[in-house]
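Below: the structure, in C-alpha cells.
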Amino acid sequence: MKFHYASKGLTCFVVFALTVAVDYFTGYEVTSFPLYLLPIMLTYFYFGRWGGYGAVVLATALWLITDLRSGHVYIHEVARYWNGSARLIIYGLFVYGLSLYTKTVQANRQRLEEMRALIPICHNCGKIFASDGTWLPIEEAVKRSIRVGRECPDCLAAEVDAK
C-alpha cells in the first residue's frame, strides 16, 4: 500500500519531532549531527530532491532553535551560526549524494530492463528462454552458448579461404 502525501508528511513530522526531542534532552554535550540525517533521508525518499533540500533547511533551523533553547553559551555567538552553516552544507551534500545514488539506481534499472529485452529471462527464477523453446537455468544456458569459435559464418568462410 502506498502512503498518501498527508501520511508521508505526518511521518516526516513525527520523525523530525522525535529527532528534535532527542537532541534537546541529550543537551549540547552530545552531538546530534547524525540524528538529523534520518528525517532528511525519509523526506527525500518521500518527496524527492527538493523535499530533501527543504528538509535540510528545516533540520538546520530546528538545530539552531534547539541549540538556542538548550542554553549553550558560546564564547563568540558567530560560532553558533558557523556550526549551523556547516550542518546546512553537510546535510545538503548528503541530499546531493542521495540524488546521485537514486539516479544511478534508476539508470541501472533501465539498463537491466534493456538487457532483459535482449535476453528473454524470467523475472522470477532467472531462467533463460532457449532457442529450442525450453527454459534453462542460467548456468546451463551459459554452458551451451560457450563455443571455441564465435565468428559469423561469413567471417569464418573468409578465414578458411585466406588459409
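The values are calculated or read from the model by the stated rules, or taken from the named source; none is laboratory data. Small disclaimer: the values here were computed from a predicted structure and weren't measured. Note that each Cβ is placed from the backbone with ideal geometry, even for glycine, and that neighbours are counted across all protein chains shown.
Scanning the range 1-59 for residues that are in contact with a Gly (Cβ under 6 Å, 6 or more places away or on another chain) and either aromatic (Phe, Trp, Tyr) or modelled with pLDDT under 90 (or both) turns up just one, 44. Exactly one residue among 42, 38 is touching a residue at least 12 places away in the same chain (Cβ under 8 Å) and either buried (at least 17 other Cβ atoms within 10 Å of the Cβ) or not in a helix (DSSP H, G or I) (or both), and that residue is 42. When you scan the range 94-117, do you find a residue that is closer than 19 Å to residue 31 by Cα, under 29 Å from the mean Cα position of the chain (by Cα) and assigned by TED's automatic domain parsing to the domain that holds residue 32, even just one? Taking every residue of the range 94-117 in turn, at least one turns out to be closer than 19 Å to residue 31 by Cα, under 29 Å from the mean Cα position of the chain (by Cα) and assigned by TED's automatic domain parsing to the domain that holds residue 32.
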